[in-house]
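The structure under discussion appears below in the form of structure tokens.
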């Protein structure tokens, strides 16, 4: 399996998540407050290396590998675990992420998905900010989930992405470490593919 195939498979899953999330937003009126970055400021965000392969490919394509790795190193020195892609000022209406289109699962799903509770029943994953600002939309969301509306379910999406490449898909790491390892994995695989092509 090539690195390009792996990334393509993950991107396909992300596109399906985005499609379902958008349908859910349109049906409920749910949306993040413009420019909000509260969830991005969470110091405990985690992701797998697999989830971040599309991001690492985008960073590589923009020739920003050294910039991003240096920024991660600086945050590590400061003891700052907040995602290196987070910007303190809103960049667009999408929020404060400098690579929003390539964000990992938790960033795609939080606020617009369901999760299975201990009994296997679906619960709405609403953020505190949305609950406070739009209680009506939250009630609509909970009613839709109870009526079996087709919404992304966190555990299912996690398993789909993890299964694309089980070797790097199941271990969740602090976000900046996961970004660093995803970049390293992509660079290694890219160099490996180049050597194979040159030898052919």
Looking only at residues that are modelled with pLDDT of 95 or more and farther than 25 Å from residue 18 by Cβ in segment 168-200, which one is farthest from the chain's Cα centre (by Cα)? 184
Go through segment 159-182 and report how many residues are in contact with a strand residue (DSSP E or B) (Cβ under 8 Å, 6 or more places away or on another chain) and either without any contact (Cβ under 8 Å) to a residue 60 or more places away in the chain or part of a strand (DSSP E or B) (or both). 3
Among the residues of segment 21-38, which ones are touching a residue at least 24 places away in the same chain (Cβ under 8 Å), in a helix (DSSP H, G or I) and surrounded by fewer than 18 Cβ atoms within 10 Å (Cβ to Cβ)? 23, 25, 27
Under the condition of being in contact with a helix residue (DSSP H, G or I) (Cβ under 8 Å, 6 or more places away or on another chain) and under 23 Å from residue 41 (Cβ atoms), which residue from segment 117-128 is surrounded by the fewest Cβ atoms within 10 Å (Cβ to Cβ)? 127
Say whether the condition of being in a loop (DSSP other than H, G, I, E, B) and under 27 Å from residue 5 (Cα atoms) is met by at least one residue in segment 123-141. no
Filter segment 129-159 for residues that are within 15 Å of the chain's Cα centre (by Cα) and surrounded by fewer than 17 Cβ atoms within 10 Å (Cβ to Cβ); the one that is farthest from residue 81 (Cα to Cα) is 156
Any residue that is more than 16 Å from the chain's Cα centre (by Cα) and exposed (fewer than 13 other Cβ atoms within 10 Å of the Cβ) - is there at least one of those in segment 47-60? no
Within segment 97-105, can one find any residue that is over 12 Å from the mean Cα position of the chain (by Cα) and at pLDDT below 95? yes
Among the residues of segment 45-67, are any in contact (Cβ under 8 Å) with a residue 12 or more places away in the chain, outside any helix (DSSP H, G or I) and farther than 21 Å from residue 106 by Cβ? no
Yes or no: segment 142-151 includes at least one residue that is closer than 28 Å to residue 54 by Cβ, in contact with a strand residue (DSSP E or B) (Cβ under 8 Å, 6 or more places away or on another chain) and either assigned to a helix (DSSP H, G or I) or at pLDDT below 95 (or both). yes
Conditions (1) surrounded by 14 or more Cβ atoms within 10 Å (Cβ to Cβ); (2) in contact (Cβ under 8 Å) with a residue 60 or more places away in the chain; (3) more than 26 Å from residue 158 (Cβ to Cβ); number of the one not met by residue 71: (2)
Based on this model, can you work out whether residue 40 counts as under 26 Å from residue 132 (Cα atoms) and in contact with a strand residue (DSSP E or B) (Cβ under 6 Å, 6 or more places away or on another chain)? yes
Within segment 9-41, how many residues are touching a helix residue (DSSP H, G or I) at 6+ places or on another chain (Cβ under 9 Å) and closer than 30 Å to residue 187 by Cα? 10
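The values are calculated or read from the model by the stated rules, or taken from the named source; none is laboratory data. Quantities reported herein were computed from a predicted structural model and do not represent experimental measurements. Methodologically, a virtual Cβ is constructed for each residue, glycine included, from the backbone with ideal geometry; neighbour enumeration extends over all protein chains shown.
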